[in-house]
Amino acid sequence: MSTTSAAHTAERTSGRGLEILASDFGWHHAEREVPALHGLNVQIPAGQKVLLLGASGAGKSTLLHALAGVLEADERQIATGVLKIHQQDAFARKFPVGLMQQDPETQIVQSRVGDDVAFGAENLGIAPEVIRARIPQVLKEVGLGDLDLAHRTQELSGGQKQRLALAGILAMNPGLMLLDEPTANIDPAGIEPLRDAVLAAANTTGATLIVVEHRLQAWAKHVDRVLVLAPGGGIVHDLDPQALFDDEKIRRELAASGIWVPGFVPVTEPVGTSAGAQLLTAVELQASRGIHAERTQPVNLELHASRALVVLGENGAGKSTLALTLGGLLEPASGTLEVSPQLSQGQGNDPFSWRAGMLVARIGTVFQEPEHQFVTQSVREELAFAPTRARLAGSQQDQFDSQAVERRVEELLERLGLTALADANPFTLSGGEKRRLSVATVLAASPDVLILDEPTFGQDANTWLELATILIEELRSGTSVVAVTHDADFARALEASALHLTREADNAGRRIAVQGPMLDAPLGRSWLTKINPLAKLGAVAAATLPLISTIDGVSACVIIGATLLALPLAGLSVGRFLRRSWPLIIAGALAAWGIALVGEDSGATLISLGILSISEGSVNAGIATGLRAMALAVPTVLLLSSTNPSDLGGALAQQLKVPHRFVLGALAGMRLLGLLVEEFTTLTLARRARGVGDLRSPIQRVKAKLGQVLALLVQALRRAGRLAVTMEAKGFGTGTRTWVRSATFTLRDAAVLTVGILLGSAAIGAALWAGTFNLVWT
Amino acid sequence: MNVAPATTRAQWRVVDIVVASVIAVASGVIFWAWNAGYGIVSLAFVAFPPGTALLSGLWLFPAVLGALIIRKPGAALYCELLAAIISALLGSQWGLGVLISGVIQGLGAEVIFVAFRYRRWNLPVALLAGFMTGIFGGIGEAYLMGYVAEYTEAMKLFHVFATGISGLIIAGLLTWLATRALAKTGALGALTSRSAHLESPWGRV
């Protein structure tokens, strides 16, 4: 049933919270054995602020998704009982409801700040002028009032992304806001500004608020009510928030299920060993992700056996980059990093130069995202992977024989409580289990130095305690531990010394951004940026596509010449044009060579190479083919350097009536391009840290690359799933939408299109006139 | 209670659209990573340029992968076309011609899936779809787009056949294996292909 824009517009003006009523409500996901929710009874009055707690698997997210209207009942998954919002069936989606999930990357849909704020409101069919007035207002409310509306959303920090998502929710003017661990994936510094923005919004709009969190410190004092959900058992506690501070029984019970009740720190045993041998020394070491990337400040440090070091510091200081460098995964930008002879055993003291098999047995690195390091299809294989690849120094000899590997695997399964899951696919484990497994897979090869990036980030108290216990055991057995962390309690538990990293001041001319393809690069203010994207696309198509019909140099030269003349309109100098188009020119040259070699021969033979020969005829054909390839390719540079894909998409949907669900879906996916490129690069490093890359045969190499591609697809699909939920919660695809950026087509646009058509005709005409026209389809 | 309309098998839900889009974008990333190494690989074929057709299956895989994962009419065409659009937006050596190629290749896979009425997603169908997307692509390049118009006739036929074989292996076999591996990770949970790893390679479903 599609909701009508009228219903939304009417309800929007009411400006008050919505009441929720669940009576014996339940939900059973497809292909799960037990229902996610069962027998839920609760009434939440309009405007109440509720903190919703429960162990993992209690159905908190399912309840939020049901209220947000993103669960869809079908023959495989069913709802039972009643769930009502303001006396209406929640599944009918009569009212706009805001939903925020924990992954900041997928709470944003559009590539520009202003467009993203408008997205939900547009889907609800709210009038464009109303939305336009609301955008600056809601951005100010969430503390992002200083941002330019064209600012790239990709450049915001995690905390800013969440606040932007909140602004988009506020623009929908919802009577109910649902937050699913909104602060779990953002830096501590971003938590309070986000929380304050949420509370302020709830207070001004009067919206009902439900927050799911497992770190309660930030929220406990600011909510009206605490509900505790039990797996399959509905609400087990309905509390006054003060109970989280005063009621010891409740505090103990919640802490036991992994919830961080305010002021709670799990108790660990003391490490109690003295420092051992020096294993790794850094002198004036600077780390960076590449030659053009920012560098960290110079660092001096020594790592000793049985000692822990934590790396602290603000965002952007390069803590993770330093950790990757210490782990032998990135090449030091300057300074030295030396391992002790005990560790290198005569194999060179620079770990970056080691083969992966040598590295895993000496320095292990645990990445922040466990899934980046999973390389097999079962927990057992995962644990056996590194020890099977561990090599003795300077040889291809295995460090562990197969029996030793088996013993280690069994021992680790036991120690981590994963024995029952030995045959499960690593990707199907719970968050805490994945975290423990990712640490265990690295420990499996008995590295002397263990490096961890934000190991406790987003973890519940139980996983935290298990991790701390494992690391304390490792310290006692002589391992050196380095952790990048914001978690002071964790540092204390490991009795760690601290290294404070501040942002390097001397970074002139260097960038933070990782290099890679970018679709929505800033465009500048050239004349062509003001032209309708469809007019430009049509002009380039009309000028270039006729060239497909002929292979000749004359028509190609007309188009290449016209492109060069038009460069100033796109604000391009010849140098910048060449920088953008050199791969296209090289490809043209390669095409020319191919034809010269295997094209039809005629005229004098110039070179003979067995069955292939180069003749006058094939050289001429090659040159024409190469010019044609360049003429097809280079005019697109004018289009790309002056067109934002979002504007092109908007014009396609509004003016050519291409279905908007597909256009906006494609644009939302394209926003993730930069992120996926970054993820692909991270995967290369994460997999080397697991021992992938110590490969001898080409087949092993190909298999390793295919594994990496598969790992990328898994991450892409996970993001896509969360992004789809965000878009559905923002009312995407439910009815007629409005557009804040309306596409226009002026006389100037028509002129550009006409010039394109004339150029295409002129090119073909010139070839006919010169007598070089050479039809392809003969 | 259940007032949400039951979507039919042919309708695209939001999650289908978003997943298909992200698959195409991830394919764009793979093209990008591949391009970096492709120059070196294709240099190996400088002595025999038509040999590069054996590698072109890499540009064909989004069509079959998208269809095997989404299992909706048009998925092959949509994923291949969007991957081509992303190539074009990043700057393609084929200019806007890459969009035409994308449509032709996508249609190659789509005709196989429609021939099985969007009911079969097993190994033989995947192999056929991979092969056909290559044959369509190869014919498009050799006879319609004229990228190798100056080849001798024998070389053109070799080009078409080599592209088909490349499609069979990379776009057919590898994507079928990838779909099963992805299903095992639980990453396809929200999609019709969620239990692809439990289906028989030759089976009816």
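The values are calculated or read from the model by the stated rules, or taken from the named source; none is laboratory data. In this text, all values refer to a predicted model and were calculated from it rather than measured experimentally. For neighbour counting, all protein chains shown are included, and Cβ atoms are generated from backbone atoms with ideal geometry for every residue, glycine included. To get the accessible areas, we keep the full protein, side chains included, count just its heavy atoms, and leave off ligands, DNA and RNA. Shrake-Rupley method; radii C 1.70, N 1.55, O 1.52, S 1.80 Å.
For every residue, the table says whether it meets (1) away from chain A (no Cβ under 12 Å); (2) in contact with a Ser or Thr (Cβ under 9 Å, 6 or more places away or on another chain); (3) under 27 Å from A:T778 (Cβ atoms); (4) surrounded by fewer than 22 Cβ atoms within 10 Å (Cβ to Cβ).
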position	(1), (2), (3), (4)
B:L127	yes, no, no, yes
B:E141	no, yes, yes, no
B:Y147	no, yes, yes, no
B:G172	yes, yes, no, no
B:G189	no, no, no, yes
B:W202	yes, no, no, yes
Practice item. Kindly indicate whether B:G108 is open to solvent by less than 10 Å² (accessible area, probe 1.4 Å), part of a loop (DSSP other than H, G, I, E, B) and farther than 17 Å from B:I23 by Cα. Key: no
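Is it the case, given these coordinates, that B:V46 is among the aliphatic types (A, V, I, L, M), open to solvent by 50 Å² or more (accessible area, probe 1.4 Å) and at pLDDT below 95?
So B:V46 fails the test.
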Point to revise | Neighbours by Cβ (under 9 Å, 6+ apart or cross-chain): first from the stretch B:7-27, in contact (Cβ under 8 Å) with a residue 12 or more places away in the chain; second of a type in the set (V, I, T) and open to solvent by 10 Å² or more (accessible area, probe 1.4 Å) | key: B:R9/B:T192; B:V15/A:V725; B:D16/B:T192; B:A24/B:I85
Revision key, fill the gap. Every listed condition ((1) part of a helix (DSSP H, G or I); (2) of a type outside the set (K, R); (3) modelled with pLDDT under 90) holds for A:V752 save (3)
Check your understanding: What about A:E411, is it farther than 30 Å from A:Q278 by Cβ and either open to solvent by less than 10 Å² (accessible area, probe 1.4 Å) or in a helix (DSSP H, G or I) (or both)?
Key -> no
Review point. A:T682: away from chain B (no Cβ under 12 Å), open to solvent by 30 Å² or more (accessible area, probe 1.4 Å) and within 20 Å of the chain's Cα centre (by Cα), yes or no?
Key: yes
Point to revise | Selection count, the stretch B:177-187, where residues are at the interface with chain A (Cβ under 9 Å from one of its Cβ atoms), more than 13 Å from B:A67 (Cα to Cα) and assigned to a helix (DSSP H, G or I) | key: 4
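Can you tell me which of A:A79, A:A150 is assigned to a loop (DSSP other than H, G, I, E, B) and open to solvent by 10 Å² or more (accessible area, probe 1.4 Å)? Please lay out each step first, then the result.
Working: A:A79 fails: assigned to a loop (DSSP other than H, G, I, E, B).
Only one candidate passes the filter, namely A:A150.
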Revision key, fill the gap. With the first residue restricted to the stretch B:93-116 and required to be within 9 Å of B:A76 (Cα to Cα) and within 14 Å of chain A (Cβ to nearest Cβ), and the second required to be part of a loop (DSSP other than H, G, I, E, B) and open to solvent by less than 20 Å² (accessible area, probe 1.4 Å), Cβ contacts under 7 Å at 6 or more apart or on different chains are none
Exercise for review: Identify the single condition in (1) part of a helix (DSSP H, G or I); (2) more than 30 Å from A:R362 (Cα to Cα); (3) polar (S, T, N, Q) that A:T681 does not satisfy, given that it satisfies every other one.
Suggested key: (2)
Point to revise | Residue list for the stretch A:161-177, filter: touching a residue at least 60 places away in the same chain (Cβ under 8 Å) and under 20 Å from the mean Cα position of the chain (by Cα) | key: A:Q162, A:A165, A:L166, A:G168
Point to revise | Residues located in the stretch A:264-297, provided they are within 37 Å of the chain's Cα centre (by Cα), of a type in the set (G, A, S) and open to solvent by 70 Å² or more (accessible area, probe 1.4 Å) | key: none
Exercise for review: Look through the stretch A:307-342, keep the residues that are outside any strand (DSSP E or B) and among the acidic types (D, E), and return whichever of them is most open to solvent (accessible area, probe 1.4 Å).
Suggested key: A:E331
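Taking the stated definitions as given, is A:V692 in contact (Cβ under 8 Å) with a residue 40 or more places away in the chain, under 30 Å from A:V442 (Cβ atoms) and touching a helix residue (DSSP H, G or I) at 6+ places or on another chain (Cβ under 6 Å)?
Numbers: in contact (Cβ under 8 Å) with a residue 40 or more places away in the chain: yes; under 30 Å from A:V442 (Cβ atoms): yes; touching a helix residue (DSSP H, G or I) at 6+ places or on another chain (Cβ under 6 Å): yes.
So A:V692 fits the description; yes.
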**Study point:** Subset of the stretch A:568-618 [within 23 Å of B:T152 (Cα to Cα), in contact with a helix residue (DSSP H, G or I) (Cβ under 9 Å, 6 or more places away or on another chain) and charged (D, E, K, R)]
**Key:** A:E600, A:D601
Study note, to complete from the structure: Residues in the stretch A:46-76 that are open to solvent by less than 50 Å² (accessible area, probe 1.4 Å), in contact with an Asp or Glu (Cβ under 6 Å, 6 or more places away or on another chain) and at pLDDT 95 or above total 3
Review point. What is the number of the single condition among (1) under 21 Å from the mean Cα position of the chain (by Cα); (2) among the aliphatic types (A, V, I, L, M); (3) more than 10 Å from chain B (Cβ to nearest Cβ) that A:L676 does not meet?
Key: (3)
Exercise for review: Check the stretch A:476-487 and report whether any residue there is open to solvent by 50 Å² or more (accessible area, probe 1.4 Å) and among the acidic types (D, E).
Suggested key: no
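In the stretch A:41-76, how many residues are outside any loop (DSSP other than H, G, I, E, B) and free of Cβ contacts under 8 Å to residues at least 60 places away in the same chain? Can you show your working first?
Here is the first cut: in the stretch A:41-76, the residues outside any loop (DSSP other than H, G, I, E, B) are A:41-44, A:49-53, A:60-68.
Checking which are free of Cβ contacts under 8 Å to residues at least 60 places away in the same chain leaves us with A:43, A:62, A:66.
Of the residues in the stretch A:41-76, 3 are outside any loop (DSSP other than H, G, I, E, B) and free of Cβ contacts under 8 Å to residues at least 60 places away in the same chain.
In the stretch A:557-591, how many residues are among the polar types (S, T, N, Q) and modelled with pLDDT under 95? Walk me through how you get there before you give the answer.
Residues of the stretch A:557-591 that are among the polar types (S, T, N, Q), as a first pass: A:563, A:573, A:581.
When the remaining residues are screened for being modelled with pLDDT under 95, the result is A:573, A:581.
Result for the stretch A:557-591: 2.
Identify all residues within the stretch B:76-97 that are open to solvent by 20 Å² or more (accessible area, probe 1.4 Å), part of a helix (DSSP H, G or I) and closer than 12 Å to B:W59 by Cβ; write none if there are none. It would help to see each step written out before you state the result.
Kept after step one, since they are open to solvent by 20 Å² or more (accessible area, probe 1.4 Å), are these residues of the stretch B:76-97: B:77-78, B:81, B:85, B:87, B:89-91, B:93-94.
Of the ones still in play, those that are also part of a helix (DSSP H, G or I) are B:77-78, B:81, B:85, B:87, B:89-90.
B:S87, the sole residue that qualifies.
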Check your understanding: Tally time: how many residues in the stretch B:112-125 are open to solvent by less than 60 Å² (accessible area, probe 1.4 Å) and of a type in the set (A, V, I, L, M, F, W, C)?
Key -> 5
Point to revise | When residues of the stretch A:373-394 are limited to those that are more than 14 Å from chain B (Cβ to nearest Cβ) and outside any helix (DSSP H, G or I), the one surrounded by the most Cβ atoms within 10 Å (Cβ to Cβ) | key: A:A390
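So which residues in the stretch A:535-555 are farther than 15 Å from A:L639 by Cα, hydrophobic (A, V, I, L, M, F, W, C) and within 11 Å of chain B (Cβ to nearest Cβ)? Lay out the reasoning, then the answer.
Just the residues of the stretch A:535-555 that are farther than 15 Å from A:L639 by Cα, to begin with: A:546-555.
Next cut, hydrophobic (A, V, I, L, M, F, W, C) only: A:547-548, A:551, A:554.
If the condition is that a residue be farther than 15 Å from A:L639 by Cα, hydrophobic (A, V, I, L, M, F, W, C) and within 11 Å of chain B (Cβ to nearest Cβ), then A:L547, A:I548, A:I551 are the ones that fit.
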Practice item. Would you check which residues across the stretch A:430-446 are open to solvent by less than 10 Å² (accessible area, probe 1.4 Å) and not in a helix (DSSP H, G or I) and list them? Key: A:A444, A:A445
Check your understanding: Regarding A:G733, is this residue of a type in the set (G, A, S), within 9 Å of chain B (Cβ to nearest Cβ) and in a loop (DSSP other than H, G, I, E, B)?
Key -> yes
